[in-house]
Structure formats: structure tokens, C-alpha cells
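Here's the structure, in C-alpha cells; my notes come after.
Values quoted throughout were computed directly from the atomic coordinates according to the rules given, and no laboratory measurement underlies them. A quick note: this is a predicted structure, and the numbers were derived from the prediction, not measured. Cβ placement follows ideal geometry from the backbone for every residue including glycine, while neighbour counts extend to all protein chains displayed.
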Amino acid sequence: MLLVDYSRRWCRELQQLLNHNKSQYVIGECVHSAPAALTALSEQQFAIVVVFTERCDTAGLWLCHHIRKTSDIPILLLGGRDHYRLVRKALAYQVNDYLSGPVRPSDLLNSLLGMQNRLSSEPVKPSLPSKTPTPIPIYGKAMNSSHVIRLVKAYIRDHLGEEITLRKISDMLHFNCAYLGQKFKLEENMSFTDYLLQQRMEKAMQLLSSTSLRIYEIAVEVGYKDIDWFYKKFKSYTGSSPNAYRRQKTHTA
């Protein structure tokens with residue numbers, strides 16, 4: 001692999017992790033800047049590029065963008081912020097996986113293993129477009145549907161207190177609304193509406209059991225301006241009212 005380590009401290013730690021877990025990956029070269037990475041890619045063959053950005057999100061994304069102009073080599077972007085705008089850009093540049101910081105070793109190893117399995121079944125051809133399943137166009141590029149759904153879920157998580165509709169997200173990503181809804185259900189085994197309800201109710205349950213926020217404050221926090229509608233949806237989802245749920249959790253804590 002080519003490791004691009006903007007922090008200048010990840011190389012040894014990553015190599016020890018790979019050795020300890022008997023990974024088939026080895027660090028072929030470690031560089032600390034985008035120009036050095038592009039030079040290395042032009043001079044050598046690598047199976048994968050791992051970019052550890054830490055606080056250098058913009059530089060890491062710039063590098064991914066320029067790599068994609070000439071190559072479809074797998075890219076793993078590590079250590080960036082868990083922010084919708086950054087994740088969206090990473091996916092638009094066809095980054096194969098994005099792990100926000102702090103990076104857990106288990107997540108990193110699982111990501112590398114998944115890429116290793118794909119590489120073993122299909123050789124890397126840097127100068128040719130890759131054959132990816134169920135491509136979806138975005139800004140003239142092609143992305144796996146799983147990447148798109150991950151982006152939709154990230155948006156829901158970051159905007160839970162706002163008005164969220166599939167139409168709104170579809171327009172933002174330039175997708176057909178019905179098509180995106182079908183892809184979401186296929187990937188998650190539930191509809192977009194059911195997933196949104198689940199996320200709102202789970203967040204409400206967490207706030208009821210771990211904070212002293214008033215019920216109407218929690219309702220607003222999870223996207224409900226109508227308190228009566230929130231009560232109805234919460235009781236339908238959990239079988240008890242918000243107040244009863246909080247009392248139950250308080251007594252069992």
C-alpha cells in the first residue's frame with residue numbers, strides 16, 4: 001500500500017497493526033504530502049492508497065480528487081471529521097471507504113479486509129475504469145449504492161432535529177426520489193420513512209433516559225414541532241408514553 005500520512009506519526013503504528021494481525025498488506029512507501037503521493041503513484045504500482053488526514057481534511061480530499069483523475073485504485077481515507085459535507089465530498093471523489101477519527105483498529109482492519117477480498121477477485125487496473133456493482137451517477141461519476149445510502153444516513157444523523165424528507169435529500173444529491181427510495185429499502189431492508197422514524201425514536205429514548213430535558217424539548221430535538229404528534233408516534237413505537245418511559249428508566253437505573 002501507499003500510505004499518505006499527513007500527521008507524520010501513523011506509519012509505524014499502522015505497520016505494527018498490520019503485522020500483529022497478519023494482514024497481507026504491507027506499507028510499500030510512506031509519504032507526507034500530496035505531491036509526494038502523486039509522484040509515488042506515477043513511479044510505482046500499489047494495490048491501495050491509505051490517506052491519514054487527521055486535521056488535514058482539505059488536503060486529503062484534494063489528493064483523492066487528483067488521484068481519481070487518472071486512476072481507479074482503491075482509496076481508504078482515515079481520520080477526517082464525521083461531518084456531512086466532508087463525507088459527501090469524499091464519496092463524490094469515489095473514495096472506497098471513509099473512517100472518521102478517532103479511527104478504531106477493528107474498523108480499519110475490517111475495511112482493509114473488505115478491499116483485499118475485492119482485490120483478490122478482480123485485479124487492480126489503475127488506468128482503466130473499474131467495474132463496480134450497481135453504479136449510480138453523481139456529478140458525472142459512478143458510485144456504489146451502498147456509498148450513497150451511507151451518505152443519506154449520515155445526513156439523517158446530522159440533521160435529526162430538522163425537517164427531513166427523501167425528496168429534499170434526493171434533490172441535494174441530484175437523484176430521482178423514487179429510485180433513491182428503492183435503493184434505500186434494498187440496502188437497509190426498511191423504507192426511508194421507517195428508518196427516519198427509528199432514528200428519531202431511538203434518539204428520543206436516549207435523551208429521555210440520560211438527560212433532564214423536558215418532553216417538548218426532546219420532541220423538538222428529534223424533529224417534532226407538534227408535541228401531540230410526538231406523543232402519538234413515541235407511544236406507537238415503544239408501547240408507552242414519553243413520561244412513562246422516563247419513569248421506567250429512572251427506576252431501573
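Run the numbers for Leu213 and Lys185: contour at 0.36 nm per residue of separation, minus the present Cα-Cα distance, in nm. Mind showing how you got there, number by number?
Working: separation 28, 0.36 × 28 = 10.08 nm, distance 3.33 nm.
Answer, rounded to one decimal: 6.7 nm.
Over all directions, what mean area does the Cα convex hull of the range 1-99 project, stated in square nanometres? All intermediate terms of the calculation are to be shown ahead of the outcome.
On the way: hull surface 23.1 nm².
Value for the range 1-99: 5.8 nm².
Starting from 0.36 nm per residue, how many nanometres of slack lie between Gln44 and Gln116 once their C-alpha separation is accounted for?
Numbers: separation 72, 0.36 × 72 = 25.92 nm, distance 1.90 nm.
Contour length minus the Cα-Cα distance gives 24.0 nm.
Taking 20 Å as the cut-off for C-alpha to C-alpha distance, list the pairs among Lys153/Lys203; Lys153/Lys183; Lys153/Lys235; Lys153/Lys185; Lys185/Lys235; Lys168/Lys232 that go past it. Please list the in-between numbers first.
Working: Lys153/Lys203 14 Å; Lys153/Lys183 13 Å; Lys153/Lys235 24 Å; Lys153/Lys185 12 Å; Lys185/Lys235 25 Å; Lys168/Lys232 25 Å.
Beyond 20 Å: Lys153/Lys235; Lys185/Lys235; Lys168/Lys232.
How high is the relative contact order of the range 1-68, in percent, counting Cα pairs under 8 Å that sit 6 or more residues apart?
Working: 79 pairs, mean separation 31.1, N = 68.
Worked out over the range 1-68, it gives 46 percent.
If we sort 206-214, 1-9 on the protection proxy, mean other Cβ atoms within 10 Å, highest first, what's the order?
1-9, 206-214
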